[in-house]
Every structure is written in C-alpha cells, then in structure tokens.
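Could you have a look at this structure, given as structure tokens, before my questions?
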C-alpha cells in the first residue's frame, strides 16, 4: 500500500471517536454496492470482532478507529471521488483486519458471511471463505 491509500496507525486511532453502531450500519448499507462484498466483509468482520467479550479494550479501540474512519466522509481521499474515493477507507479496514483476524471465530465469521449472503448473494459469500 502506498502512502495515499494506507492511513497511518495514528490517523486510524484518531478516528476512534467517530465510531458508533448506528452510524456504522447506516454507512455500510449506503456504500455496500459501491465498495463491494470484500470491503463489506472486512467491515462486518471487524464489527463482529469488536462485539466479542474476548477482545481487549485496546483492540476494540483500534477497530473502532478503522470503522470510524469509514464512517467519516472527510478523510485522505474524499469518498465522493469515483473509484478512488474509498481506497483509503478500505485500506484502513484491511490493515486492521489483518491485525485482528485471529479474533475472528467461526461464529463471528459466519455472522459476517450471512450478511454478505443477504446483501450480495451466495456466490459472493463463497468467494470470501478464503479471507
């Protein structure tokens, strides 16, 4: 990832205050079709990881930062720019997902995949089994 599309850890942490559950669901439903099943899977997986009692507050704060970065419309690459608008948001999600995916239990994974099936169909969910 280059500097344009990879928000720093500090920037992700600074967006922790922007996360709230209602805004997350509103944003994810609004952008699902534009960002695609993969990006939505990362966001949903992080959301479900954050709901787990087994995850430390520090890890939850980091996840909230990435999800907050997704929610806020003002970021490194404005979301209104076609094609490129969500690259920084998705990069933040992927960066944090890679660090937190060890928390993704089979039950939490299945919750995320079930939403993908509802919104994108079974084929999309099958493709995501490897992530």
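The values are calculated or read from the model by the stated rules, or taken from the named source; none is laboratory data. Fair warning: this is a prediction, and the values are worked out from it, not measured in the lab. Glycine also receives a Cβ, built like all others from the backbone with ideal geometry; neighbour counts cover every protein chain displayed.
Report whether or not residue 84 is at pLDDT below 90, out of contact with any strand residue (DSSP E or B) (no Cβ under 6 Å at 6 or more places or on another chain), within 26 Å of residue 124 (Cβ to Cβ) and not in a helix (DSSP H, G or I).
In short, yes.
Ok, one more. Out of the stretch 49-64, which residues are in a helix (DSSP H, G or I) and surrounded by fewer than 20 Cβ atoms within 10 Å (Cβ to Cβ)?
Answer for the stretch 49-64, where residues must be in a helix (DSSP H, G or I) and surrounded by fewer than 20 Cβ atoms within 10 Å (Cβ to Cβ): 57, 58, 59, 60, 61.
While we're here: For the stretch 95-131, which positions are within 12 Å of the chain's Cα centre (by Cα) and surrounded by 17 or more Cβ atoms within 10 Å (Cβ to Cβ)?
Selection gives 95, 96, 97, 100, 112.
Select, from 53, 64, the only residue that is closer than 22 Å to residue 107 by Cβ and out of contact with any helix residue (DSSP H, G or I) (no Cβ under 8 Å at 6 or more places or on another chain).
Within the list 53, 64, the selection yields 53.
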